[in-house]
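Below: the structure, in structure tokens.
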Amino acid sequence: MATFAKEFLALQDSILLKAYHRDLGATCACGKFAGLYRCAGIEHCFDNSLYCCNCIVQVHSSGSHPFHRIEKWTGSHFEATSLNDLGYLLHLGHHGQPCPNVSSKRSPRSMTIGHTNGYHTLCVHFCACHLTLSEPLQLCNHELFPASMNQPQSAFTFSLLDLYHYITLASKGSLYDFNASLVEMTNPAFPQDHRYYELGRVTRVWTHLASVRRRGQAHGIDDFIPSRRKGSLAIRCPSCPEIHFNVDLAEILSAGPFDL
Ligand SMILES: [Zn+2]
Ligand SMILES: [Zn+2]
Ligand SMILES: [Zn+2]
Ligand SMILES: [Zn+2]
């Protein structure tokens with residue numbers, strides 16, 4: 001602690017620098033407009049440059065960072081805005097580019113998406129090429145888990161669901177408190193209730209699917225070990241003797257009293 005105490009002022013200054021930007025007043029890299037926007041927040045671009053409105057949307061479209069938070073310089077301070085407010089569209093199915101088969105009349109769907117840095121409102125354009133691929137599965141292909149299987153309005157990133165799974169296993173933290181942290185990250189000044197019930201439903205489905213995968217049921221393990229009860233999600237101890245798996249009956253019958 002003493003070694004830190006000597007540097008408290010310098011450390012505090014470097015943290016406070018985040019409230020300011022040394023390039024304020026400069027023009028954006030495109031050379032057309034003033035750089036007033038920056039990527040900030042818990043998850044952000046490593047490049048901390050200031051951009052104009054068009055360029056900051058372009059940087060995040062090409063870098064596929066739809067869940068970064070954006071701030072705008074007002075003249076006296078940075079104010080929270082969002083990629084959605086600046087016109088960002090999330091296109092599914094074409095590496096971030098618009099689907100050539102989407103009708104120009106079809107408007108994007110405004111969705112609430114939960115990520116590890118809170119909730120986001122994003123306008124999503126679904127791909128219209130693959131008629132057999134439903135909207136929920138298109139979302140899953142982009143690692144977004146839908147909150148419902150019928151015209152989903154909300155989704156959660158796979159990263160968020162994995163994070164919750166690890167946190168709840170290690171700390172036994174409740175979903176209510178986990179969601180409260182997400183709500184706080186979304187808008188600390190005016191926290192609003194978000195998708196708690198949807199998150200509860202999705203985490204239960206996510207956990208079930210994980211256990212089906214981990215028990216081998218998703219890979220048809222019953223076909224390889226027919227001696228086990230069909231469809232079982234129980235974990236068998238791999239070193240305990242199990243006939244037809246790691247020992248055969250003759251070996252057990254011929255074993256001495258201390259062999260097993
Ligand atoms: Zn960013
Ligand atoms: Zn620009
Ligand atoms: Zn398409
Ligand atoms: Zn065992």
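The values are calculated or read from the model by the stated rules, or taken from the named source; none is laboratory data. Every value quoted in this text rests on a predicted model; they were computed, and no experiment measured them. Cβ coordinates were reconstructed from backbone atoms using ideal geometry, including for glycine residues, and neighbour counts include every protein chain displayed.
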Task: Of the criteria (1) part of a loop (DSSP other than H, G, I, E, B); (2) under 27 Å from residue 42 (Cα atoms); (3) in contact with a strand residue (DSSP E or B) (Cβ under 9 Å, 6 or more places away or on another chain), which one residue 227 fails - done: (2)
Task: strands (runs of 3 or more DSSP E) contained in the range 56-162 and holding at least 2 residues among the charged types (D, E, K, R) and outside the structural domain of residue 174 (by TED's automatic domain parsing) - done: 69-73
TODO: Give the residues of the range 15-67 that are within 24 Å of residue 182 (Cα to Cα), within 15 Å of ligand 2 (Cβ to nearest atom) and of a type in the set (D, E, K, R), sorted by residue number.
DONE: 38
Open item on the list: Condition (residue is within 16 Å of ligand 2 (Cβ to nearest atom) and more than 24 Å from residue 145 (Cα to Cα)) applied to the range 90-112: is it met by at least one residue?
Closed with: no
- [ ] Kindly indicate which of 163, 122 is under 27 Å from residue 89 (Cα atoms) and surrounded by fewer than 19 Cβ atoms within 10 Å (Cβ to Cβ).
- [x] 163
TODO: Working only within the range 1-55, note down all residues that are in a loop (DSSP other than H, G, I, E, B), of a type in the set (D, E, K, R) and surrounded by 10 or more Cβ atoms within 10 Å (Cβ to Cβ).
DONE: 7, 23, 32, 43, 47
Open item on the list: Condition first: away from ligand 3 (no atom under 16 Å from the Cβ), modelled with pLDDT under 85, under 30 Å from residue 43 (Cβ atoms) and polar (S, T, N, Q). Can you find one or more residues in the range 201-214 that meet it?
Closed with: no
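Conditions (1) in contact with an Asp or Glu (Cβ under 7 Å, 6 or more places away or on another chain); (2) away from ligand 1 (no atom under 11 Å from the Cβ); (3) at pLDDT below 95, marked per residue:
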site	(1), (2), (3)
31	no, yes, yes
44	no, no, yes
47	no, no, yes
52	no, yes, no
55	no, yes, no
64	no, no, yes
67	yes, no, no
83	no, no, no
97	no, yes, yes
